[in-house]
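Asks: One structure coming up, written as structure tokens, with questions to follow.
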Amino acid sequence: MQPIQVVKSRFVPLPLEQVDTDQIIPARFLKATTRDGFGKNLFRDWRYENDDETKPKQDFVLNNPLYGGEILVAGKNFGCGSSREHAAWAVLDYGFKVVVSSFFADIFKNNALNNGVLPVQVSDAFLEQIFEQGPEATLTIDLAAQTITIDATGAQENFDINNYKKTCLLNGYDDIDYLLSMKEDIAAFETARG
Amino acid sequence: MGKTLVEKIWEKHVVRSIEGGPDVLYIDKHLIHEVTSPQAFAGIEKRGVPVARPQQVVATADHNVPTLNQHLPIREELSRKQVEKLTENCANHGIELYGLGHQYQGIVHVIGPELGFTQPGMTIVCGDSHTSTHGAFGAIAFGIGTSEVEMVLATQCLMQSKPKLMRINVEGSLNKGVVAKDIILYIIAQISASGATGFFVEYAGSAIRSLSMEGRMTICNMSIEMGARGGLIAPDQTTFDYVQGREFAPKGEAWNKKLADWKELYSDADAQFDEEININAADIEPMITWGTNPGLGIGINGHLPTTETLSEGEKRNLKKAMEYMGLQEGKTLKGMPVQHVFIGSCTNSRIEDLRMVADIVKGRRKNDNVKVMIVPGSQQVAAQVRAEGLDKIFEAAGFEVRQAGCSACLGMNEDKVPAGEYCVSTSNRNFEGRQGAGARTLLASPLTAAAAAITGVVTDVRELLG
């Protein structure tokens, strides 16, 4: 997992609420047995007419050459629905390191954290301020300080993340390393409960 | 202060608490399937670690399998490879697999309970968000991502923060034609598709207690559709009667010992919940969804909302949903023609669901303009359908009875609804494209789905109940 410390970048705005994981990566792309290559199918059915890569939908933001960057900004309840981690893989593989929303679905949030994608939860008002910015605007996310800043206006908010996950992301550690180090404790727990 | 049911189970499974962080939670049972496990097996193999407790894992092939001709090799290459990969992984790591052709194969959340693999007081996970189904037995059961599947394979543990707790009490008697699916669709419509995010939900009250295990599973199954990590119901005699005698249920003296433990699984009278919601069962009508998330449901005689007074954000979302669904604000769905009816999925494909459908369609025939597909949740459900002669009723009605799998609930195999067409579905999600690109899904109970199959239009099932 790649560590995350500070991300300063332009952003892609997706001002829709309840973006579910079936939109992020439709089920028909879940047949792969590896983690690679999901980025090209990110938001597949919002991106192309009739599933045809030669016919990008011009009104969808990923097809708008004005927007780009390593940050995706979306409306509330981002990532609801299916537990498919392929959604987090698709977001990461496309090139996003941070997703900003006013609310995240639980499983997506965990999946993102487990893959080095930082979910940043902001207030509704701050989210609106971000959406008001133009395509050249940048955001700075500082994980150590737990702040997100709209660089042009200096507007800033703090975001929550639990300390354990923060340490993992700052260093690129994953949970499995930690759990594997507990092997003996786990066996002792099993013995004790009978 | 007393404890909640969730706290009682949770505390018995904490291996270690990390200060300012999650708990290391021990997992009793792990269900796996072909779609969300291959990368997890690849992960442990790359690390060079074995599956920690293979005897606590059970596998099946369900998401990606055809529902016709399951005795033949899977035609679609990627699907076939994924199912073969599961078979190979299970063989290499000593995991029990109920694959295609096995008498126990079926939807992972149908077979766990019917085999007695699911029991009260357990922690149960699966790489599937509808794992909350198993909470119906008074278990902590929740869906996980593939990295977490890898963690459980490697260590039989997960890092989890203790959830907030919500209790939803449904009191009173249910109206005629109202079943478990209507209760949960009503709850989600009340609190929205994100209303329980961050919570584990305990369902309680006389209307919940009166439900069979199948009904309770339907309720807990859709907990995730309001954002909850899990949902659960305190076990009682209905639960114990269901579990007793099943393949993996404890037997003899072991049963008596477990039963004594299970009888302690309830929220104490003075237990505190972070949130509590009270619902009057008499307020619930047969429900149907009109929109593109499960929170957008209305009573069968209700009207779509009007957007005039809503905030810009909400207006944008509802208008997008109406546009996708080809519907207009303020209108009713009743009487609207539908082209498909799908009866199946981990929400509503158990024997009781199919009996309910058979009761409505017996002696009737489907409308000529509707295609009706019934997909039993497991081989055992399918066998029961045949034993009771329900298959004859369905065939006489012009329904197509398929073989077990997730099927048109998620449109991963070839069972799809064509773009622009309407499907009354007993499944759990009405997201854009869920049942096929451009498909328009109306979620409802098996009763309401059966009624639509007979009439060809959205129907209040009470009109057919006489």
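Asks: Would you report the distance distribution of C-alpha pairs in the protein assembly as shown as whole percents per 20 angstrom bin, up to the bin with the largest distance?
Replies: Here the calculated profile for the protein assembly as shown is 19, 56, 24, 1.
Asks: If the elastic network links every pair of Cα atoms under 10 Å, which of A:N110, A:N162, A:N77 fluctuates the most in the Gaussian network model of chain A?
Replies: In this elastic network of chain A, the residue with the biggest mean-square fluctuation among A:N110, A:N162, A:N77 is A:N162.
Asks: Specify which residue in the list B:G405, A:A187, A:T54 is farthest towards the positive end of the charge dipole of the protein assembly as shown, using unit charges on the beta carbon of Lys, Arg (+1) and Asp, Glu (-1), about the Cα centre.
Replies: Going by the Cα projections, it comes out as B:G405.
Asks: For the range B:1-137, take every pair of Cα atoms, bin their distances at 10 Å starting from 0, and report each bin as a whole percent.
Replies: Per 10 Å bin, starting at 0, the Cα pair percentages come out as 11, 37, 33, 14, 5, 1.
Asks: Once the piece of chain linking B:R386 and B:E312 is laid out straight, how much longer is it, given 0.36 nm per residue of separation minus the C-alpha distance between them? Show your work: numbers first, answer last.
Replies: Values: separation 74, 0.36 × 74 = 26.64 nm, distance 5.26 nm.
Contour length minus the Cα-Cα distance gives 21.4 nm.
Asks: Shifting gears a bit: Enter the accessible area per residue of chain A (Å², integer; probe 1.4 Å; all protein chains in place). Walk me through the numbers on the way to the answer.
Replies: On the way: 7940 Å² over 194 residues.
Solvent-accessible surface per residue comes out at 41 Å².
Asks: On average, how much accessible surface per residue is there in chain B, in Å², for a 1.4 Å probe, leaving out ligands, DNA and RNA? Can you show the working numbers first?
Replies: On the way: 15820 Å² over 466 residues.
Here the residues of chain B average 34 Å² of exposed surface.
Asks: Order B:D359, B:D268, A:D93, B:D28 by their accessible area, 1.4 angstrom probe, all chains in place, largest first.
Replies: Putting B:D359, B:D268, A:D93, B:D28 in descending order of accessible area: B:D359, A:D93, B:D268, B:D28.
Asks: By accessible area of protein heavy atoms, probe 1.4 Å, what ranking do B:R229, B:R167, B:R80 get, highest first?
Replies: On the way: B:R229 20, B:R167 45, B:R80 75 Å².
Reading off the accessible areas and sorting them downward yields B:R80, B:R167, B:R229.
Asks: Per the Kirkwood formula on distinct C-alpha pairs, the Rh of chain B is how many angstrom? Could you put the intermediate results ahead of the total?
Replies: Working: mean 1/r = 0.0446 Å⁻¹.
Evaluated over chain B, this radius sits at 22.4 Å.
Asks: Something else about it: Counting only protein heavy atoms, what percent of the accessible surface of the range B:88-156 is carbon or sulfur at a 1.4 Å probe? Don't jump to the answer; show the numbers that get you there.
Replies: Numbers: 430 of 1090 Å².
The C+S portion of the solvent-accessible surface of the range B:88-156 is 40 percent.
Asks: Assigning unit charges at the beta carbon (Lys, Arg +1; Asp, Glu -1) and nothing else, what dipole magnitude in debye, to the nearest 20, does chain A show about its Cα centre? Walk me through the intermediate numbers first.
Replies: Working: 18 positive and 28 negative charges, 64 e Å.
Using Cβ point charges on Lys, Arg, Asp and Glu, chain A gives about 300 debye.
Asks: In addition: Where is the GNM fluctuation largest for chain A (alpha-carbon springs, 10 angstrom cutoff): A:L92, A:L42, A:L170?
Replies: A:L170
Asks: Same structure, new question: Using a 1.4 Å probe and counting only protein heavy atoms, how much accessible surface gets buried when A and B come together, both sides summed, in Å² to the nearest 100?
Replies: Numbers: alone 10400 and 18160 Å², together 23760 Å².
Approximately 4800 Å² gets buried when A meets B.
Asks: Between B:E264 and B:K12, what length in nm is gained on full extension when 0.36 nm per residue of separation is reduced by their alpha carbon distance?
Replies: On the way: separation 252, 0.36 × 252 = 90.72 nm, distance 1.28 nm.
Length gained, B:E264 through B:K12: 89.4 nm.
Asks: Rounded to the nearest 10 Å², what accessible area does B:R364 show when all protein chains are kept and the probe is 1.4 Å?
Replies: Near enough 90 Å² of accessible area.
Asks: For B:H71, what accessible area in Å² do you get when you roll a 1.4 Å probe over the heavy atoms of the protein chains, rounding to the nearest 10?
Replies: 150
Asks: Only Lys, Arg, Asp and Glu count, each charged at its Cβ (+1, +1, -1, -1), so figure out the dipole size of chain B about its Cα centre, rounded to 20 debye.
Replies: So the dipole magnitude of chain B works out to roughly 580 debye.
Asks: Sticking with this one: Which Cα, out of B:A91, B:T441, B:G363, lies furthest along the positive dipole direction of chain B (beta carbon charges, K/R +1, D/E -1)?
Replies: Among B:A91, B:T441, B:G363, the one farthest towards the positive end of the dipole of chain B is B:G363.
Asks: Another question about this same structure. Add -39500 (n - 2.57) for each DSSP H run of 4 or more in chain B, then divide by its residues: what number comes out at 222 nm, to the nearest 500 deg cm²/dmol?
Replies: Details: 16 runs with 149 residues, N = 466.
Counting only the DSSP helices, I get -9000 deg cm²/dmol.
Asks: Assign unit charges at the C-beta atoms only (+1 for Lys and Arg, -1 for Asp and Glu), then state the dipole size of the protein assembly as shown relative to its Cα centre in Debye, rounded to the nearest 20.
Replies: So the dipole magnitude of the protein assembly as shown works out to roughly 1140 debye.
Asks: Determine the relative contact order of chain B: mean sequence separation of Cα pairs under 8 Å and six or more apart, normalised by residue count, in whole percent. Don't jump to the answer; show the numbers that get you there.
Replies: Working: 1134 pairs, mean separation 81.2, N = 466.
Answer for chain B is 17 percent.
Asks: Something else now. Which far-off residues, 5 or more places away or on another chain, put their amide H under 5 Å from the one on B:Q105, with H placed in the peptide plane?
Replies: Correct list: B:Q379.
Asks: In terms of solvent-accessible area of protein heavy atoms at a 1.4 angstrom probe, what is the ranking of B:E171, A:E136, highest value first? Kindly include the intermediate steps, with their values, before the conclusion.
Replies: Working: B:E171 95, A:E136 135 Å².
Final ranking, largest accessible area leading: A:E136, B:E171.
Asks: Here is a further query. Counting only protein heavy atoms and a 1.4 Å probe, tell me what percentage of the range A:17-74's accessible area is made up of carbon and sulfur. Show your work: numbers first, answer last.
Replies: Details: 1150 of 2510 Å².
Taking all protein chains in place, the range A:17-74 shows 46 percent carbon and sulfur surface.
Asks: Kindly tabulate the residues in the range A:7-21 with an accessible-area decrease of at least 10 Å² between the chain alone and the assembly of all protein chains, using a probe of 1.4 Å.
Replies: Buried on complex formation: A:P15, A:L16, A:E17, A:Q18, A:D20.
Asks: Also, I was wondering about something else. Expressed as a rounded percentage, what relative contact order does the range B:71-197 have, with Cα pairs under 8 Å and six or more residues apart?
Replies: Details: 89 pairs, mean separation 14.4, N = 127.
It comes to 11 percent, rounded to a whole number.
Asks: Still on this structure: Given R₀ = 56 Å, what would the calculated FRET efficiency be for A:E128 paired with B:K176, taking r from the Cβ atoms and rounding to 0.05? Write out the running numbers ahead of the final one.
Replies: Values: r = 47 Å, r/R0 = 0.83.
My answer for the efficiency is 0.75.
Asks: For the range B:191-233, list whatever residues lose no less than 20 Å² of accessible surface once every protein chain is in place, relative to that chain by itself, with the probe at 1.4 Å.
Replies: At a threshold of 20 Å² (probe 1.4 Å), the residues of the range B:191-233 that become less exposed are B:A193, B:S194, B:T197, B:I224, B:R229.
Asks: Oh, and also: Please work out how much accessible surface B:L304 shows to a 1.4 Å probe, ignoring ligands, DNA and RNA, in Å² rounded to 10.
Replies: The value for B:L304 is about 10 Å².
The values are calculated or read from the model by the stated rules, or taken from the named source; none is laboratory data. Bear in mind that the values here come from a model prediction, so they are computed numbers and not experimental data. In this analysis, Cβ positions are derived from the backbone assuming ideal geometry, glycine residues included, and neighbour counts consider all displayed protein chains. Just so you know, the surface numbers come from the protein's heavy atoms only, side chains and all, with ligands and any DNA or RNA stripped out. Shrake-Rupley method; radii C 1.70, N 1.55, O 1.52, S 1.80 Å.
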